[in-house]
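Participant: Structure provided below as structure tokens; questions to follow.
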Amino acid sequence: MSSVSIAEAKAHLSAIVERAAAGETVRITRRGKTVAQITAADSQRKPVDAAALRAMVVGMPAQGDSAGDFMRRMRDGERY
């Protein structure tokens, strides 16, 4: 775990974020006292299951209008 001053954190934020993303915990200090801590985010994105997505889309009804007609109807129709 390393510590940096607020001034250094402000000047080198991108590098500090990269260090945190790599797993290092970086503490930010003001006048020698820790005021914040940057760590890597806990959650990662889950991969998309293409087969499940395809199965869901197959069951959806097709839209009868073209996208332009749909938007025109939404825009010109009864509002709110």
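Participant: Looking at the chain only, what percent of DSSP beta bridges run antiparallel? Nearest 5 please.
Facilitator: Taking every DSSP beta bridge with both residues in the chain, the antiparallel ones total about 55 percent.
Participant: Another question about this same structure. Please list, in chain and number order, the residues 5+ apart from Thr25 or on another chain whose amide H is under 5 Å from its amide H, with Hs placed from the backbone.
Facilitator: For Thr25, whose amide H was placed from the backbone, the distant partners under 5 Å are Ser2.
Participant: How long are the three semi-axes of the equivalent ellipsoid for the stretch 37-80, computed from the Cα gyration tensor as the root of 5 times each eigenvalue, in whole Å, largest first?
Facilitator: 37, 22, 8
Participant: Going 7 Å from the Cα of Ser5 in the Cα-to-Cβ direction, what parts of the stretch 27-42 have a backbone nitrogen less than 15 Å from that spot?
Facilitator: Hits in the stretch 27-42 for Ser5 at 15 Å: 28-35.
Participant: Relative contact order of the chain: what whole-number percent is it, with Cα pairs under 8 angstrom and at least 6 residues apart?
Facilitator: 21 percent
Participant: For Rg and Dmax of the Cα atoms in Å, pick the label among (i) 13.5, 53; (ii) 26.4, 69; (iii) 24.7, 65 that corresponds to the value derived from the coordinates.
Facilitator: Label (iii) holds the value from this structure.
Only the coordinates and a few stated rules stand behind these numbers; no lab work does. These numbers were taken from a predicted model, which means no experiment stands behind them. Every residue, glycine among them, receives a Cβ derived from its backbone with ideal geometry; neighbour counts consider all protein chains shown.
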